[in-house]
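The structure appears right after this line, and notes come after that.
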């Protein structure tokens, strides 16, 4: 796709089977993880494809530039450029430009938050929601002088993403600017002074990982500033919990994501209110019931 610097590769996937095939559906912008320094546009699609099958629509996943070869803000600028391009071409792609959802895990979650902040700050386009799984939000986490994160000191040796990895990644992305006032909220969304005006957010994080405190603080500040955030903290889990921890954690996270997505895309459905969830008893019972419907 066209880009301000050079051609930016992106993968576009659409639903071709099932009841929703051929109808304009949601536009999912999928931003892969990898600590801002690794990964590719195909990573993370396994999370998004089930929603494509259930709701129809289109996935767009960009090959955003990585540090250290391309320091911040290159990555978030690529993600925002992809969002603008995808919305501009939504009808051509077979998607509804009024139902855009930005999705990403880890570094992709941080890039999702940065992209949403760019869209909010007078640039557009409008976004329906953002799903941030264990997002990487604060460049100061893990720095010796920073007292804003207890979890970084509690779990420096998290086998999936230890504090040392976090330091290497942020150093690669920001260089000497890391930890200074020169870092923008688009590069490290925890730096934003105001988190109002964002679309509804889903935020998940594990209790035993480096990102726990920055993610909980981010959700709390969204609430403080009048926003809508659904926060899930999974006990005993570590970073990327659905891939490395007990099966019940993966099942719980998947079910919570699916139900949030159903509520976001079906706000008029009375079965998806809080009372309905309580009466159903389990998330899977509801998500299975809605698995064949289109929105």
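Before moving on, here are some points about what is shown:
- Which numbered condition residue 152 fails, given (1) touching a residue at least 60 places away in the same chain (Cβ under 8 Å); (2) within 26 Å of residue 57 (Cβ to Cβ); (3) assigned to a helix (DSSP H, G or I): (2)
- Taken over region 74-116, the residue count meeting the criterion of being outside any strand (DSSP E or B) and over 20 Å from residue 187 (Cα atoms) is 10.
- Within region 61-93, considering residues that are farther than 30 Å from residue 179 by Cβ and in contact with a helix residue (DSSP H, G or I) (Cβ under 9 Å, 6 or more places away or on another chain), the one surrounded by the fewest Cβ atoms within 10 Å (Cβ to Cβ): 84
- Verdict on residue 36 being crowded, with 18+ Cβ neighbours inside 10 Å, on the phi > 0 side of the Ramachandran plot and touching a helix residue (DSSP H, G or I) at 6+ places or on another chain (Cβ under 6 Å): yes
- Answer from 58, 48 - the residue that is free of Cβ contacts under 8 Å to residues at least 60 places away in the same chain, crowded, with 18+ Cβ neighbours inside 10 Å, touching a strand residue (DSSP E or B) at 6+ places or on another chain (Cβ under 6 Å) and under 17 Å from residue 132 (Cα atoms): 48
- Of all residues making up region 182-194, the number that are in a loop (DSSP other than H, G, I, E, B) and within 23 Å of residue 35 (Cβ to Cβ): 8
- Test for residue 205: is it more than 23 Å from residue 82 (Cβ to Cβ), in contact with a helix residue (DSSP H, G or I) (Cβ under 9 Å, 6 or more places away or on another chain), touching a residue at least 60 places away in the same chain (Cβ under 8 Å) and surrounded by 18 or more Cβ atoms within 10 Å (Cβ to Cβ): yes
- Candidates in region 208-232 are the residues that are in a helix (DSSP H, G or I) and touching a residue at least 60 places away in the same chain (Cβ under 8 Å); of these, the one that is surrounded by the most Cβ atoms within 10 Å (Cβ to Cβ) is 215.
- Filter result for residue 136 (under 13 Å from the mean Cα position of the chain (by Cα), touching a residue at least 40 places away in the same chain (Cβ under 8 Å) and over 16 Å from residue 229 (Cα atoms)): yes
- For region 117-141, the set of residues classified as surrounded by 22 or more Cβ atoms within 10 Å (Cβ to Cβ), assigned to a loop (DSSP other than H, G, I, E, B) and out of contact with any strand residue (DSSP E or B) (no Cβ under 6 Å at 6 or more places or on another chain) consists of 135, 136, 137, 138, 139, 141, listed by residue number.
Read-outs throughout are calculated quantities, based only on the coordinates presented, and are distinct from any laboratory measurement. Just so you know, these numbers come straight off a predicted model, no measurement behind them. A quick note on method: Cβ atoms are made from the backbone with ideal geometry, for glycine too, and the neighbour counts reach across all protein chains shown.
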